[in-house]
Each structure stands twice: as structure tokens, then as C-alpha cells.
Amino acid sequence: MKINYDELIGNASIALKNSYSPYSKSKVGAAVLTKSGNVYLGCNVENSSFSVTSCAERNAISSAVLLEGPQMEISAIAISSVDRNNKKASITPCGSCRQAIIEFGKDAEVVFSDDEGKLIILPISELIPHAYTAKTFLGK
Ligand code: THU
């Protein structure tokens, strides 16, 4: 399947418009493309108790699982962000989101733009080398 990365990051940019981020004022959107070819969106949802905040990527992943079921596999995930001045900001997934992405796609591609707005596409294994997996207790 040929992936339209521009369209995927475009979807992430649409998702960030609904971001609830009164504290950081950093809006983040994510778009998950699953192996079935569907796209699911998420945005960051902050909380006055900061640690309750949920990231855009994990919200998009939860939505994908809800709508496709537990066998859902991530083919690619795009992340887009704007700062408090609505200026495009280059961000990559945080460590927890990297762990969440690899859980649903050992070879998921991660799409984001660099400071110059150029699209960067990297396999999740490069963003979380030697990732923790369930093999210690599942033996696979
Ligand atoms: N954030 C995300 O949504 N995804 C990430 O991968 C990194 C951080 C959000 C959380 C918080 O609302 C804001 O960005 C600032 O940390």
C-alpha cells in the first residue's frame, strides 16, 4: 500500500485544532493510518493536574483500537503541532508515545516535520531502540 504522507500529516494538522491545551498552549494532533487503511485522529487533552494530560498520539491509538478492535496494527502515524502563537512547531513523539506506537506496529512509520517544514519519516524502531516488549513474560 502506497502511503500518502502529506495527507496523513494534513489530517494530524486538522486534529490539533480541537486540542485542549490551556496550560502549555501547545496544540498537538496525531493521525494513525492502520494496516486496514483507515485513519484515526487524536489531539492532546490537558488537565489542571498535569500528569493526567493525555498526548495526541495515544488518544489517536485508543480511538483506532476502539473502532477496529485489539488486532489493530499501525502502518504509519503522523504528528503535527503548533505553538502558542499558532506557529508550526516540529515535534517528535514523547517516550511514552513511542512505547505505545511500537506496541501496535513493530514497523510503524513515524511522520513529522523538521524545523524547516520538511517531512521526516522514520521507522519507530529508530525512535525507540531496544524497546521494552512483553517477551520476558510471554516468551515471544
Ligand atoms: N504532547 C503530545 O500530545 N504528544 C507528545 O508526544 C508530546 C507532548 C502534548 C502533551 C501536552 O499537552 C503538550 O504536548 C506539552 O507537553
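Readers should treat all values here as calculations from the given coordinates under stated rules, not as data from a laboratory. Quantities reported herein were computed from a predicted structural model and do not represent experimental measurements. All Cβ positions, even for glycine, are placed from backbone atoms using ideal geometry, and neighbour counts span all protein chains on display.
Just order 95-105, 53-63, 72-82 by mean Cβ neighbour count inside 10 Å, highest at the front, would you?
Details: 95-105: 19.0, 53-63: 21.5, 72-82: 24.4.
Listed from highest to lowest mean packing, they are 72-82, 53-63, 95-105.
Add -39500 (n - 2.57) for each DSSP H run of 4 or more in the chain, then divide by its residues: what number comes out at 222 nm, to the nearest 500 deg cm²/dmol? Working shown, then result.
Values: 5 runs with 41 residues, N = 140.
About -8000 deg cm²/dmol.
Taking 25 Å as R0, compute the FRET efficiency from the Cβ-Cβ separation of His130 and Cys94 and round it to 0.05.
Values: r = 17 Å, r/R0 = 0.70.
About 0.90, to the nearest 0.05.
For Lys2, give me every one of the aspartates and glutamates with a C-alpha distance below 20 angstrom, ignoring sequence neighbours fewer than eight places off in its own chain.
Answer for Lys2, where 20 Å is the Cα cut-off: Glu73, Asp107, Glu109, listed by chain and number.
So for region 93-140, what percent of the C-alpha to C-alpha distances run longer than 16 Å?
Values: 482 of 1128 pairs.
Here the long-distance tail beyond 16 Å is 43 percent of all Cα pairs in region 93-140.
Checking the table Lys35/Lys118; Lys88/Lys140; Lys17/Lys118 against a 30 Å threshold on Cα-Cα, which pairs fail?
Listed pairs above 30 Å: Lys88/Lys140.
Ranked highest first by average number of other Cβ atoms within 10 Å, how do 109-115, 30-36 line up? Intermediate values should be presented prior to the final figure.
On the way: 109-115: 18.1, 30-36: 24.0.
Packing proxy ranking, top to bottom: 30-36, 109-115.
Using +1 at the C-beta of Lys and Arg and -1 at the C-beta of Asp and Glu, which of Ser51, Ser19, Gly117 has the Cα lying farthest in the positive direction of the dipole of the chain?
About the Cα centre, the residue reaching furthest to the positive side is Ser51.
Arrange the following residues from fewest to most other Cβ atoms within 10 Å of their Cβ: Leu119, Leu8. Walk me through the numbers before you get to the answer.
Numbers: Leu119 13, Leu8 25.
Least crowded to most crowded, the residues run Leu119, Leu8.
Calculate one ³J(HN,Hα) per residue across region 36-46 by plugging θ = phi - 60° into the Karplus curve 6.51 cos²θ - 1.76 cosθ + 1.60, and present them in order as whole Hz with x for glycine and proline.
7, x, 8, 10, 10, 10, x, 9, 6, 10, 8
Once the Cα gyration tensor of the chain is found, what semi-axes does its equivalent ellipsoid get, as square roots of 5 times the eigenvalues, in whole Å, sorted largest first?
Working: eigenvalues 108, 62, 43 Å².
The answer is 23, 18, 15 Å, longest axis first.
Counting every Cα pair in region 54-117, what percent are over 16 Å apart?
Numbers: 957 of 2016 pairs.
Percent of Cα pairs beyond 16 Å in region 54-117: 47.
Taking Rh as the Kirkwood radius computed over C-alpha pairs, what is the Stokes-Einstein D of region 5-69 at 25 °C in a medium of viscosity 0.890 mPa s, expressed in µm² per second? List each step's numbers first, then the result.
Numbers: Rh = 11.9 Å.
Diffusion coefficient, whole number: 207 µm²/s.
Report the antiparallel proportion of the DSSP beta bridges in region 32-140 as a percent, rounded to a multiple of 5. Please list the in-between numbers first.
Details: 13 of 16 bridges.
Just about 80 percent of them are antiparallel.
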